[in-house]
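The values are calculated or read from the model by the stated rules, or taken from the named source; none is laboratory data. From a predicted model like this one, the values you see are computed outputs, not experimental measurements. Positions of Cβ are generated from backbone atoms using ideal geometry, with glycine treated the same way; all protein chains shown enter the neighbour counts. The accessibility values were calculated without ligands, DNA or RNA, using every heavy atom of the protein model including side chains. Shrake-Rupley method; radii C 1.70, N 1.55, O 1.52, S 1.80 Å.
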Amino acid sequence: GLGPLHTTFDNRGNAYTSLFIDSQIVKWNIDKAIKGDPSYIVDRVDVHYNVGHTKAAGADTSYPSGDWLISLNKLSKGMYLPVGPAMPESQELVDISGDKMKVVAAFPSLPEPHDAVFISRQVLAEKVAQTYEIEPTATKLGQEKIVRDGKKVDVYMTCIRSKFVPEQVEVHEGDEVNIHLTNVETVRDMTHGFALADHGINIAVDPGQTQVVPFIAGKPGTYWYYCTWFCHALHLEM
Ligand SMILES: [Cu+2]
């Protein structure tokens, strides 16, 4: 085909080459090609459009899985809404488990997709943390406290659905305040935000994570701090 660019592999002796000009992935049998057998081309599939890089699952390892391939296409030519002078580029997921390849999904991509790696979910399952490991210095639930030393105020605060403890902190104008905020949630994805009005503070704290928020107390008044991460049904109370 025209414009061969990149080649990737399955676990059955086949190679898959991207054809930039033909806008195709071509599947070919390596043994047959070496022997000069003219029937070495196994299959072709159209991709949209002008594929550059392509990668089959596990193809960088000695045990490719031979089930999926991604086609990283340079041009989308009207597949997606025109969002500006630069159009989204396109990726297509190809099922290569059978004799015939099948494009099963297409989705826009940031320019310009240059490589891809498939990682089996079994490999990731043990590596992906559910929550942060609690730091030894983290504030524990029920042990929140405010420590004053002259103009320095350290607030050891926790947050959990649906409150911050302490709920009120009194400081004086010009105090150097550090909020040591620990999200004591033990479930994954229960992130909370912490914003302090008129002090330019708005952060996110993931489950188990501790963040230190420094600020100088502003003009006397009442300043709300509240959760800015839509965490659960009572988020608006937080
Ligand atoms: Cu929250």
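Values computed for the structure shown
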quantity	calculated
Those residues of the stretch 69-88 which are open to solvent by 30 Å² or more (accessible area, probe 1.4 Å) and closer than 22 Å to residue 102 by Cβ, in sequence order	74, 75, 77, 79, 80
From 186, 182, 191, 228, residue being open to solvent by 60 Å² or more (accessible area, probe 1.4 Å), within 25 Å of the chain's Cα centre (by Cα), within 15 Å of the ligand (Cβ to nearest atom) and touching a residue at least 24 places away in the same chain (Cβ under 8 Å)	186
Top-ranked residue of the stretch 169-179 - restricted to ones that are surrounded by 15 or more Cβ atoms within 10 Å (Cβ to Cβ) and under 22 Å from residue 142 (Cα atoms), ranked as nearest to the chain's Cα centre (by Cα)	179
Selection status of residue 55, open to solvent by less than 50 Å² (accessible area, probe 1.4 Å) and either in a strand (DSSP E or B) or not β-branched (Val, Ile, Thr) (or both)	yes
Subset of the stretch 1-48 [buried (at least 20 other Cβ atoms within 10 Å of the Cβ) and in a loop (DSSP other than H, G, I, E, B)]	10, 23, 47
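Let's see how each residue does on (1) over 17 Å from residue 206 (Cβ atoms); (2) over 25 Å from the mean Cα position of the chain (by Cα); (3) within 16 Å of the ligand (Cβ to nearest atom):
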{"residue": "117", "(1), (2), (3)": "yes, no, no"}
{"residue": "121", "(1), (2), (3)": "yes, no, no"}
{"residue": "125", "(1), (2), (3)": "yes, no, no"}
{"residue": "129", "(1), (2), (3)": "no, no, no"}
{"residue": "135", "(1), (2), (3)": "no, no, no"}
{"residue": "146", "(1), (2), (3)": "yes, yes, no"}
{"residue": "157", "(1), (2), (3)": "no, yes, yes"}
{"residue": "160", "(1), (2), (3)": "no, no, yes"}
